[in-house]
There are 4 protein chains.
Amino acid sequence: MAEASPNQTWPHLAGAIRDGRHVLPVRIYYEDTDFSGIVYHASYLRFMERGRTDYLRLIGADHRALFEAASRETPGFAFVVRSMGIEFLKPARMDDVLEIVTEPDEVKGASVTLSQRVTRDGGVLVEATVRVAFVSGGRARPIPAPLRIALRADRARARPGAGNETLTMVGAGGDDMTGQVP
Amino acid sequence: MAEASPNQTWPHLAGAIRDGRHVLPVRIYYEDTDFSGIVYHASYLRFMERGRTDYLRLIGADHRALFEAASRETPGFAFVVRSMGIEFLKPARMDDVLEIVTEPDEVKGASVTLSQRVTRDGGVLVEATVRVAFVSGGRARPIPAPLRIALRADRARARPGAGNETLTMVGAGGDDMTGQVP
Amino acid sequence: MAEASPNQTWPHLAGAIRDGRHVLPVRIYYEDTDFSGIVYHASYLRFMERGRTDYLRLIGADHRALFEAASRETPGFAFVVRSMGIEFLKPARMDDVLEIVTEPDEVKGASVTLSQRVTRDGGVLVEATVRVAFVSGGRARPIPAPLRIALRADRARARPGAGNETLTMVGAGGDDMTGQVP
Amino acid sequence: MAEASPNQTWPHLAGAIRDGRHVLPVRIYYEDTDFSGIVYHASYLRFMERGRTDYLRLIGADHRALFEAASRETPGFAFVVRSMGIEFLKPARMDDVLEIVTEPDEVKGASVTLSQRVTRDGGVLVEATVRVAFVSGGRARPIPAPLRIALRADRARARPGAGNETLTMVGAGGDDMTGQVP
């Protein structure tokens with residue numbers, strides 16, 4: 001094919017994983033603001049969902065074998081938001097370039113708690129804790145072990161030493177529907 | 001059931017048909033505006049889609065037998081937008097109450113051209129001509145005759161005398177995939 | 001004027017206050033859903049903001065004198081969201097009619113905590129606690145006493161007996177118009 | 001400053017100008033789709049607005065002196081959409097990478113007509129002609145000559161030979177800053 005693929009032409013379109021955290025740049029456009037002059041509060045949820053989607057996209061690229069194993073086990077899987085806690089600390093404005101930082105906080109048997117931050121020039125504008133449930137075929141399912149391994153590999157990189165604790169903590173109470181947790 | 005249904009509690013939620021035209025009230029909220037202080041231009045497309053959806057909903061209620069006959073012929077049918085021409089004449093602002101006026105302009109064999117206006121206190125803010133194609137089972141289909149009859153009944157009420165011309169005009173060129181057009 | 005005003009033509013456009021709670025009907029349109037077939041999670045924040053906006057609108061109509069006193073004291077005031085906790089319990093779908101129920105949970109000196117629910121046929125789909133700060137002239141301000149009185153009047157109606165506690169509790173530190181609110 | 005600026009870290013965030021045309025990559029997320037499984041029609045207007053905004057941003061970077069001259073003459077200027085014609089040819093879907101292609105079609109005294117296309121892998125999904133009016137200080141104004149020169153420089157690159165005709169054609173009636181443009 002003569003034409004370059006979009007991923008080659010725009011290498012950072014899905015953001016990047018740095019130190020185990022996913023970082024996605026987001027530009028503020030007219031559509032994101034409201035007449036009060038600042039970014040509309042629900043727009044940040046759209047940005048954070050973009051971050052989660054691209055985070056999963058890059059995990060899939062980085063840990064392809066694990067991801068394909070998970071896909072075979074639970075085809076068409078997705079994560080759906082079950083609950084969120086959000087603090088709106090400072091406003092963003094038209095033309096700002098924000099970075100959406102996403103990292104797994106706790107990987108359980110059937111859900112993942114993510115920590116997400118919206119930052120500008122390193123300062124935090126919005127902070128959120130988001131619990132997403134694993135869904136396949138229209139209903140909640142245990143997260144396949146290969147996918148949990150991939151998620152925890154990132155977490156271990158983000159917080160050296162913390163990865164093992166989580167594994168122990170989560171496995172201890174029987175919070176594992178498959179028994180295959182490493 | 002002790003509780004009243006939403007349609008009884010909120011009788012005008014889907015707007016109303018007046019003189020063959022569908023009228024839907026729309027309140028302007030934060031989400032509809034942008035930092036320039038006025039309504040974001042793409043918001044009007046959302047309002048006009050609400051108008052088309054509720055127009056079809058009320059046609060379905062007013063002409064139930066025709067609508068059910070159409071549904072049997074083409075289950076799960078929908079109209080999808082093929083093209084639009086839009087003039088943005090005057091801006092709307094936060095807290096405004098707008099009326100979205102929708103009427104069929106031309107009912108053909110497989111598509112309908114609608115005339116839509118966004119008004120405030122009777123003055124026109126946005127004018128659009130929208131061509132929608134009839135789709136069922138994922139592909140374009142001829143509009144079932146009963147549905148065309150229902151659409152044209154409204155058009156005849158909106159423009160007395162014009163209804164017949166259209167019927168003649170559209171039927172004349174063989175622009176009818178079923179032959180059942182009255 | 002020959003033409004009826006929108007508020008006369010569409011009497012329930014801003015919802016209604018029932019038993020001290022504001023109830024706003026919201027129809028689900030294409031714009032509110034996503035390709036997974038259900039309502040996009042951030043859409044509920046738009047609905048809840050509509051509920052808060054219309055709740056304030058109706059308080060303004062019901063307690064006009066109090067509201068006008070507040071407006072003189074703090075012109076162009078608004079409430080801005082500081083934090084939210086949200087539980088997404090069940091999905092809504094295209095064409096659903098939802099009711100957004102809003103009630104003040106705690107009225108403090110400079111912020112209000114609201115309890116909001118998204119319901120369908122009486123069942124709760126989404127539950128949220130929303131803390132909004134009072135802002136006038138671009139910065140946080142104490143809520144003028146007349147506005148707090150209006151908000152608490154609704155709360156007292158929603159939860160007989162609870163209103164007084166809150167008044168006492170919050171009022172203790174100097175609950176007046178002079179900016180001494182703790 | 002130790003930290004890299006967003007523009008250095010994410011070099012293509014505002015797209016790129018290629019052969020006189022602005023190209024902006026846009027990823028499709030949940031927020032852009034609807035329950036019919038494809039991209040919601042009004043989402044394309046948001047994408048095209050992003051394209052226009054970043055096109056102007058890059059013109060400002062490429063022709064800084066001209067742009068600064070225009071900004072001195074008409075501070076806080078913006079382009080607002082006056083009319084659009086749109087053809088929806090093929091649907092886009094979740095996860096698609098689209099390119100929004102924007103080029104000036106005609107640069108007049110007080111407005112610009114832009115040609116915009118939404119493409120995927122080189123195929124056109126949506127085509128639009130958008131007329132934007134130049135606004136400064138809240139009202140329509142003649143486009144300052146330096147800005148028109150910058151816009152036409154791009155057009156000349158996009159369509160060799162055509163640029164001069166336009167310059168002649170539009171310039172004929174008094175192509176200057178005095179408001180005499182036809």
Cα centroid of region D:39-90 to Cα centroid of region B:46-100, whole Å: 30 Å
Distances in nm from D:GLY138 to the matching label points in the other copies, shortest first (labels 7 Å along Cα to Cβ): 1.7, 5.4, 5.5
Accessible-area ranking of D:HIS12, A:HIS22, D:HIS41, largest first, probe 1.4 Å: D:HIS12, D:HIS41, A:HIS22
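Calculate the mean, over all residues of peptide C:38-48, of how many other protein chain Cβ atoms lie within 10 angstrom of the residue's Cβ.
6
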Extreme residue, positive dipole direction of region C:1-132, given options C:PHE35, C:ALA61, C:MET94 (C-beta unit charges): C:ALA61
Cα-projected label distance for D:ASP121 with C:LEU58, points at 7 Å along beta-carbon direction, nm: 5.2 nm
Chains B and D, summed buried accessible surface - 1.4 Å probe, Å², nearest 100: 1300 Å²
Cα-based reach from A:LYS108 at 13 Å (exclusive), listing aspartates and glutamates while leaving out same-chain residues under 8 positions away: A:GLU165, A:ASP175, A:ASP176
Partner chain coverage, peptide D:72-81 - average Cβ within 10 angstrom: 1
In nm, spacing of pseudo-spin labels at D:ALA140 and C:GLU68 (7 Å Cα→C-beta vector): 4.0 nm
For region D:53-119: relative contact order, % (alpha-carbon pairs under 8 angstrom, 6 or more apart): 20 percent
Kirkwood hydrodynamic radius (C-alpha pairs) into Stokes-Einstein, region A:1-125, 25 °C and 0.890 mPa s, D in µm²/s: 152 µm²/s
Alpha-carbon Rg with Dmax, taken over region C:74-122, Å: 14.3, 41
Copies compared at B:SER71 - label distances in nm, ascending, label defined 7 Å from Cα in the Cβ direction: 3.9, 4.6, 5.8
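The values are calculated or read from the model by the stated rules, or taken from the named source; none is laboratory data. Keep in mind the model is a prediction, meaning the values are calculated, not measured. For neighbour counting, all protein chains shown are included, and Cβ atoms are generated from backbone atoms with ideal geometry for every residue, glycine included. Just so you know, the surface numbers come from the protein's heavy atoms only, side chains and all, with ligands and any DNA or RNA stripped out. Shrake-Rupley method; radii C 1.70, N 1.55, O 1.52, S 1.80 Å.
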